[in-house]
1. Could you pull the Rg and Dmax for segment 73-185, using just the Cα atoms, both in Å?
2. Taking the Cβ of each residue in I74, I42 as the centre, tally the other Cβ atoms inside 10 Å and list the residues starting with the fewest.
3. Please rank W52, W126, W245, fewest neighbouring Cβ atoms within 10 Å first, as an exposure proxy.
4. For segment 5-135, evaluate the Debye formula with one uniform point scatterer on each Cα (no solvent term) and list log10 I(q)/I(0) at q = 0.10, 0.21 Å⁻¹, rounded to two decimals.
5. How much of the pair distance distribution for segment 90-144 lies past 18 Å, counting alpha-carbon pairs only, in percent?
6. Between L146 and K55, how many nm apart are label points set 7 Å from Cα along the C-beta direction?
7. Taking a threshold of 30 Å on the Cα-Cα distance, which of the pairs K58/K119; K209/K261; K49/K158; K219/K261; K45/K221; K58/K221 fall above it?
8. Sort the following peptides by mean Cβ neighbour count (other Cβ atoms within 10 Å, averaged over residues), highest first: 182-191, 255-264.
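Just so it is clear, none of the values below were taken in a lab; they were calculated from the coordinates. Not measured: the values here are computed from a predicted model. Glycine also receives a Cβ, built like all others from the backbone with ideal geometry; neighbour counts cover every protein chain displayed.
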Amino acid sequence: MVFTTFLVTLDPELPVYVPGQAVNGYLTVACHEEVSCRSIKITIKGQSKVHWSEKSGKSRRHYRAGELYFRHPILVWGGEGSGNSFSPGYRKFPFSFILPRDIPSSFVSNIGKVMYQVKAEADLPWSFDKSHKVFFSVNFMYDLNLDPFATIPMVIQKEDTVCCCCCAEGPIEMNMRAQRSGYVSGESILVNGDVMNNTSSTIEYTEIKLIQVTTYITKAKQKQIERTVQRVYHPQLGSRCRDVWENVPLPIPAVPASHLKHCNIITIQYIFVLLAKFGTCKTVKAKVPVIVGSLPLQNTYSSFLVQPSAAEIGGTTMTVPINHSPRHSPRHSPAVPSHSHPPSAPSPTAPPYSGDPPPYTENFLPEEFREVPPPSYASCVFGNTNDGRLGDDAEDSDTGEFSPRYLTYRTQT
């Protein structure tokens, strides 16, 4: 005999959980006939894993690390008093667990992950055990108001000589500025500045972009991966021409907050990059750090909306160059030729959360965050990139299409 229903349900199911918040729900179990069963338990667990391999000669070396943040088992039914037999019927077993405060945000990639799950399992003699699990997203509340770097202006000033075919030309002058260095998902970095092409060559395109730099840490080695979160480019900049960027927005989509606090095997940094691309010959690049938080700066609260709206998504945005002209001439440079191509865009976004969300204007965060503008939420801009290379064991596999969700905010336009 088997269970006809064996289902974990989070109730209420929140799109994002915060450390210190309760995860509530119930397990539904039903059967038409008696089922031989020793016990039924629910385990709530949070953990992180890192795994990658590298080829060395004829062999391949694996690098692994892991952390367990909590593992909370709950015995909801024991069979000792009933002869290890679960009687026919329909039952609900509730559970509740308070998340620890010192846990990191959810994160998934093909090299590392931070995952949170509720798993129910029935111990069935002489048969395969019955189980069901659900995953949920956790966001550590990185408060920009507590980071002194967040309010510091973001400034780039660089000159670089271009060497092409053994001849030095230039310099390329780069000047770029944003009002601050700290942002939350849903905001845009408003960029002002210019790039002056003092060479005799044409710049294929100028570009600003936000890069996520993830470092995976094991005892033996570290591995660093860069992913483009968002980018905006201006096409073709002629010789002796200036490319002006005036209040150009670089939207920040749904991504985990900087540092991945409380995780010791994965760290996350964000970098703002300004570059000028000379075909395959030369790329001039400058970069500065950016902080992405979960809680916005208090002096920006008035800029956020409290109406339902989708968050910005990642991708490539082409903007119209402003004052794209020679230094001493009001004329604009020629239109971009048909053979010019923008840089490739990041991976498509995952489908948005499909459950019934709370109203956008309802702040589902704990009481201590009631003064924060009501957040929305969105699936990670990179989607679920765990392609099985982590080597999960049977207990922690089957993440399916789960993609972590992160707090986002919608700003005035």
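1. 28.3, 88
2. Working: I74 17, I42 24.
If I rank by nearby Cβ atoms, fewest first, I get I74, I42.
3. Values: W52 19, W126 5, W245 24.
Starting with the residue having the fewest Cβ neighbours, the order is W126, W52, W245.
4. Listed by q, the Debye log ratios stand at -0.44, -1.17.
5. Numbers: 806 of 1485 pairs.
Roughly 54 percent, once rounded to a whole number.
6. Here the answer is 4.6 nm between the modelled labels.
7. Numbers: K58/K119 40 Å; K209/K261 24 Å; K49/K158 39 Å; K219/K261 19 Å; K45/K221 27 Å; K58/K221 20 Å.
Checking Cα-Cα distances, K58/K119; K49/K158 exceed 30 Å.
8. Values: 182-191: 23.2, 255-264: 21.5.
Sorting 182-191, 255-264 by mean packing, highest first, produces 182-191, 255-264.
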